[in-house]
Amino acid sequence: MLSIKNLHASVEEKNILKGLELEIKPGEVHAIMGPNGAGKSTLGYVLTGRDGYSVEQGSAELDGVDLLELEAEERARAGLFLAFQYPVEIPGVSNLEFLKASVDAVREARGEEALSSKDFLKMAREASKQVNLPADFLKRGVNEGFSGGEKKRNEILQMLLLKPKLCILDESDSGLDIDALQVVAEGVNSQRSPDRSFIVVTHYQRLLDYIKPDFVHVLADGKIVKSGDYSLAHELESQGYAWLKDQPADEAATNDVAEG
Amino acid sequence: MTEQIEKALQREYEAGFVSDIESDTFEPGLNEDIIRRISAMKEEPEWMLEWRLKAYRSWLEMDEPEWAHVHYPEIDFQSISYYSAPKSMKDKPKSLDEVDPELLKTYEKLGIPLHEQMMLAGVAVDAVFDSVSVVTTFRDKLEEAGVIFCPISEAVHKYPELVKKYLGSVVPQRDNYYAALNCAVFTDGSFVYIPKGTKCPMELSTYFRINEQNTGQFERTLIIADEGSHVSYLEGCTAPQRDENQLHAAVVELVALDDAEIKYSTVQNWYPGDENGKGGIYNFVTKRGICHTNAKISWTQVETGSAVTWKYPSCILKGDNSIGEFYSVALTRGAQQADTGTKMIHLGKNTKSTIISKGISAGKSNNSYRGLVRMNPGAAGARNFTQCDSLLIGDKCGAHTFPYVESRNPTAIVEHEATTSKVSDDQMFLCQQRGLDPEKAVSMIVNGFCKEVFKELPMEFAVEAGKLLEISLEGSVG
């Protein structure tokens, strides 16, 4: 599904990603952990095409489509979704209006017919129930006056409606209490399917207790330095990232993931 | 990202075409003779001519105001033509069938079909082309309800007592430089009278079009809502795309007698000039209403056009318990300049006013809010609430707020809130990440910002205003 090769990227002329490799197959959930400043959020922004992030080298393909050639909105329409770490407010634009415009744009790109307002409203109500947001949140301005947890749940709501191929969750657990964390995780788990993949970016193993990843990668200094299965997350949790520095870069693990 | 937004803001001015219509146009110049000729063209009674000449003599002694936060080259008033009318209007067409089809086509092209069967149901239109009113629709239906809706030039003949009594009663001739000029040379505009206790059965609307080159448009609107009556009125305006600046100096007077209510909405889309400030309309307008006891006047304006705008629709809250409202969206882009706001003069007890102003600046434009709230000694228990929000798009534009508050009554309450925000990269990226192109994203964010004002517009026009902003923000991104 996603194939990243030798990706080098920079922000404001500072190199952040330095030869990152990652292969994700349909239906897989990959967790990316790593210390602050390792480039975790940058990876999400580079893949989704945020302005100001430039790619110097390498490639990133989604189902054979060269992502790096596309505008941000085209990548979104191709099935790439980023759940933001800090969702921004858009005052006066109702959530419903925003979601409808968004779903319309993505459906149009897929060659699907626009949903009628009635069908869309029904879908949106069901989705908001699923993430435990009262229906009146649909009428409120996008994230306007939402609490941290409500904003994160609103991101998941958008994911449920857009039905992307690949979802990147950028520290969706930060600032959440355990109840909100469970809602977010349940939303994600309900969307796991053989043709949808996830990249879960997180600092802590906690989220991974709820969203069980197939693979765990450690991103440090712009590269994947270690890959493994779920147990790696526990190891990191108990030993901290400093432990990695004493280990040689684990090329073999990366290759394993790439192959299998 | 800024670059992307800037691109999204570039657009064509859709109303910029010129109609090929033969006109009778005065040679440029301003003097007493010209005023006599305007008056003669309109076959005005002597008192009207005297009124004009008195205003002209006052104007000669007055100075152009310089306090506004706008800059433009000195206007040569002798290089402007003060009267222009389509030749075909000379014969005074009695029905639509006699009106030059080219004129009707112009309005159709602007989305204002004048044939009643094609029109928006429930909206009567007075169409003013350069210096004359071309046609006023649905007059019969309005007359049945006792409502008078006609060109002001006609009202001077037919309803001289009403005109004499109220013309200049809200905006005195010497009120300001441009108002005095308008009094001297006004050519046409709309006159409305709603009888006692009557709710006007339709929305009334005037559509102003400047077509002829080197002419100024000086329209005059007078609306009188008699006791307990109710009316909603809308004006729209456009002009061709030209390299020269053209002057538009209008005066609008509203009179809301006891218990009456007037809702006045404006969608102003004069040609704004090009990206570098070449051409465009100078929009110097005086609008004011007076509220008697328990009366209410509500101004709503959506200002997207004009090179320079200088405009402060105001309310004199004379009667006890009267209410004044001002809802404004002003969008400037390219090299546009706007200095706009309102004055709420509280004279009566328990008078209330609300001011909601939304300024959006893009390109290298300058957008100023200027507002005065005055609580006179008699305004016991009066209240005002003001909210001024500015939205900046890009980093070369300016937003300014000049609030003046004068309170001479200790029981009066004045509240003022102001915010300035930017269309942020984060907002743009969120929209794009959800599949929206940058154009759609900007227009959605801006529309959201204006929501509080749009909801005040009559239904048909709220849609129009939203579209207008979309057109204003439409561009060549792709």
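Run through the DSSP bridge list for the range A:2-259 and note the antiparallel percent, rounded to the nearest 5. Percent antiparallel among DSSP bridges in the range A:2-259 is about 60. The GluC sites (Glu not before Pro) of the range A:48-145 meeting both criteria, a DSSP state outside H, G, I, E and B (loop) and at most 10 other C-beta atoms within 10 angstrom of the site's C-beta, are A:113. Taking 7 Å steps out from each Cα toward its Cβ at residue A:229 and residue B:57 produces label points 10.3 nm apart.
Where both bridge residues fall in the protein assembly as shown, DSSP classifies roughly 20% of the beta bridges as antiparallel. Among beta bridges from DSSP that stay inside the range B:2-476, the antiparallel ones total about 10%.
For the range B:265-306 versus the range A:156-235, the inter-centroid distance based on Cα atoms is 53 Å.
Using heavy atoms of the protein chains and a probe of 1.4 Å, the accessible area assigned to residue B:322 is about 0 Å². Here is the list for the range B:19-69: GluC sites (Glu not before Pro) lying in DSSP coil, each with at most 10 other C-beta atoms within 10 angstrom of its C-beta, are B:22, B:43, B:66.
Within the full protein context, the accessible area of residue B:274 is estimated at about 60 Å² for a probe radius of 1.4 Å.
By the helix-only formula, in which each DSSP H run with n ≥ 4 contributes -39500 (n - 2.57) and the sum is divided by residues, chain B has a 222 nm mean residue ellipticity of -7000 deg cm²/dmol.
For trypsin sites (Lys or Arg not before Pro), the sites in the range B:250-307 that DSSP calls loop and that have at most 14 other Cβ atoms within 10 Å are B:278.
In the frame of its principal axes, chain A has Cα extents of 57, 39, 36 Å, reported largest first. I want to verify the translational diffusion coefficient of the range B:2-476 in µm²/s; compute it with Stokes-Einstein, Rh as the Kirkwood radius over Cα pairs, at 37 °C and 0.692 mPa s. So the translational diffusion coefficient is about 146 µm²/s. Spatially, the range B:201-260 and the range A:4-52 are offset by 58 Å when compared through their Cα centroids. When a/c reaches 1.5 or more, the comparison of a/b and b/c decides; with that in mind, is the range A:68-107 rounded, prolate or oblate per its Cα gyration tensor? Here the range A:68-107 falls in the oblate category.
Once the Cβ-Cβ distance between residue A:241 and residue B:69 is put in as r, and R0 is 51 Å, what FRET efficiency do you end up with, to the nearest 0.05? E between residue A:241 and residue B:69, to the nearest 0.05, is 0.35.
The values are calculated or read from the model by the stated rules, or taken from the named source; none is laboratory data. Bear in mind the structure is a predicted one, so any value in this text is a computation, not a measurement. Counting neighbours? That spans all protein chains shown, and the Cβs are built from the backbone with ideal geometry, glycine included. Side chains included, ligands, DNA and RNA excluded: accessible areas come from the protein's heavy atoms. Shrake-Rupley method; radii C 1.70, N 1.55, O 1.52, S 1.80 Å.
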